[in-house]
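Shown next, in structure tokens, is the structure this report addresses.
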């Protein structure tokens, strides 16, 4: 069954950060470098499930967090629309997991909606804003490349065998074996194309991440603890 994150959870996070900005001097906040986690994932590697578990782990163990840890996955699109005052109808042109269709391209040329490059730029701006707020987990959309290896960021890549990822998609989305196999193939291609086209990066390059986790052999609970401990440990360690 596909899990859904209530929009009000993300809204609560933004409200908390707004109140924090009012009460904390910006000069001091610049030095705090609140932590941010990005998760890049192969289709069916359980990225959203793991992100939720990491949120839970950090909410329980990160006693320094001024606002509750929050995950942005699909909600990131809504945040982009709000930040840049875009119409809700633009949301369908903001996928990271498929190639732009011919009709999309024609409509873009006719000015019926913003160009994909413009939407990626606006998405990148929102990702940077959220990373500056901190205590947030960002799933997909090249967030690791956009943010880079700054001291407060931890970048994770999830991988797994095709067979197990197909099986995961069958159970998670209630797909048939054929549907799951096609979903895994097309989604992996789309995400790889997104990062290559817009950032000229290979999504499978391990040097883009702090760690790569094989979800075939590491359970979501184990992975959440590993990521959570790394995030907390890096907060305590002196900057390199």
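Couple of notes before you dig in:
- Estimated from the Cβ-Cβ distance and a Förster radius of 35 angstrom, the FRET efficiency linking residue 218 and residue 33 is about 0.80.
- For region 146-240, dividing the convex hull volume of the Cα atoms by the residue count gives 110 Å³ per residue.
- Per residue, the convex hull volume that the Cα atoms of region 130-175 enclose (Å³): 105
- Each peptide in 125-132, 139-146 gets a packing score, the mean of other Cβ atoms within 10 Å over its residues, and the list from highest to lowest is 139-146, 125-132.
- Pairwise centroid distance, computed over Cα atoms, of region 205-225 with region 133-174, Å: 9
Any read-out appearing in this document is the output of simple, stated calculations on the displayed coordinates, not a laboratory observation. Not measured: the values here are computed from a predicted model. Methodologically, a virtual Cβ is constructed for each residue, glycine included, from the backbone with ideal geometry; neighbour enumeration extends over all protein chains shown.
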